[in-house]
Amino acid sequence: MGASHLAFKSLMRELGNEPIVPPKPSLKTLNFGTRFAPEFACLPYKILLGTYVEVLEMGADTIAASGGVGPCRAGHYAQLHRQILTDAGYKFEMIVYEPPSIGYRDFVHKIQMLNSARLPLLKLLGAINRGWAKIKAFDRLEELSHWIRPRETGNGETSKAYRQTLEIIDRAESLEEIKQAEKEAVALLKSVPHDPDFKPLKVGIVGEIYVLLEPSANLEIEETLGEMGVEVHRSMFLSGWTRDNTLFDTLRIMAKGDPLKRAAQPYLAEMIGGHGQDSVGHTVLYAKEGYDGVIQLAPFTCIPEIVAKSVLPAVSRDLNIPVLSLSLDEQTGKEGVRTRLEAFVDLLARRREIKANTRLAHELGGGA
């Protein structure tokens, strides 16, 4: 998902393994996935399955995958993928990491299964901490790129610089090196010629975690919008999602209440699995924070996002914020998505213009 594979690559190497870095998901990846997956499976399921085929054919003998609990089908992906790939004749071991909150002992045991170097506890924790530091650095840099891209004066310069920042962080090894690398990367991004006084349209992006975080799954929507002059704010980053799903943050939320659930409560009071309730809650918060619009990204057949999509028109009407829902599957084309984005951005620009003219008319009328 996004640049996270670079952090996990470093961590796996520190633990004494040979990491097989998967290629960026492509049409070939999807072809593998659709060949083996059930037709009704969602886009993330097919991309992951296709990626597993690619890395197994590159020589991987072990796959580390996430599990999950709750109504979302994602919790079953690993078991289904393992069965499909085994039936197809591939030989490998799959280690499935369930959330630590439902079994810390099992989680720690499975971390040790990948500790091929037999690092003692302190060194193991140090390696994990360095991987975590890289994930946070990648997320902060991506968020900064979302601010600079719509303000750039040379089209595509931010995206070019952002790709260079990933290489800078990837080369860093110690915590101090990661810290210095992030400073260098931030300076590189800020050196992109841009107009800091430009006031772009602001659009929040909500939806299912995989299509939010993986550009190849959402057809580089953030880059496309940024180059249209739109500042995007993604509702979820891997570091934030991980932090919010740890035991300590879960206890904090239980004590103080989850602001997302409070925001969603009038429209979707129940936890329906996946990120459906979060999509509604974030849309409410974006509306209250004065965003111009919201885009929902949903894998085709994703039940939680289908439920959220049915609720979002009420949020849009009550809070006066336009919402565009995009369903993504292997048939979705980038140019088709671009056309819909252009129409949505034109709508938002027109609404802003009307609001500005109305405000000016009121001021002039009041002055008269």
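Just one of (1) surrounded by fewer than 18 Cβ atoms within 10 Å (Cβ to Cβ); (2) within 22 Å of Leu15 (Cβ to Cβ) fails for Ala78. It is (1). What are the pairs with Cβ atoms under 9 angstrom where one residue, in region 304-333, is closer than 13 Å to Ile205 by Cα and the other, located anywhere, is loosely packed, with under 15 Cβ neighbours inside 10 Å? Sequence gap at least six, or different chains. Going by the 9 Å Cβ cut-off, the qualifying pairs are Pro322/Leu347; Val323/Pro313; Leu324/Arg340; Leu324/Ala343; Leu324/Leu347; Leu326/Arg340. For Gly273, indicate whether it is closer than 23 Å to Gly68 by Cβ and at pLDDT below 95. When the stated conditions are applied, Gly273 passes them. The set of residues in region 308-336 that are modelled with pLDDT of 95 or more and β-branched (Val, Ile, Thr) comprises Val311, Val315, Ile321, Val323. Show me the helices (runs of 4 or more DSSP H) found entirely inside region 153-252 where at least 2 residues are assigned by TED's automatic domain parsing to the domain that holds Ile321. Once the helices (runs of 4 or more DSSP H) in region 153-252 are filtered for at least 2 residues that are assigned by TED's automatic domain parsing to the domain that holds Ile321, what remains is 209-213, 221-227, 238-244. Within region 339-361, residues that are in the same structural domain as Gly229 (by TED's automatic domain parsing) reach partners that are among the β-branched types (Val, Ile, Thr) and part of a helix (DSSP H, G or I) with beta carbons closer than 9 Å, at six or more positions or on different chains, in the pairs Leu341/Ile221; Leu341/Thr224. Within region 58-75, the only residue that satisfies the criterion of being more than 20 Å from Phe40 (Cβ to Cβ), out of contact with any strand residue (DSSP E or B) (no Cβ under 6 Å at 6 or more places or on another chain) and surrounded by 14 or more Cβ atoms within 10 Å (Cβ to Cβ) is Ala60. If you go through region 102-158 and keep only what is buried (at least 18 other Cβ atoms within 10 Å of the Cβ) and either touching a Cys at 6+ places or on another chain (Cβ under 8 Å) or of a type in the set (Ser, Thr, Tyr) (or both), you end up with Ser145, Thr158.
A single member of Leu49, Leu121 is in contact with a His (Cβ under 7 Å, 6 or more places away or on another chain) and more than 18 Å from Phe8 (Cβ to Cβ), and it is Leu49.
The values are calculated or read from the model by the stated rules, or taken from the named source; none is laboratory data. Fair warning: this is a prediction, and the values are worked out from it, not measured in the lab. As a convention, Cβ positions derive from the backbone with ideal geometry for all residues, glycine included, and neighbour counts pool all protein chains shown.
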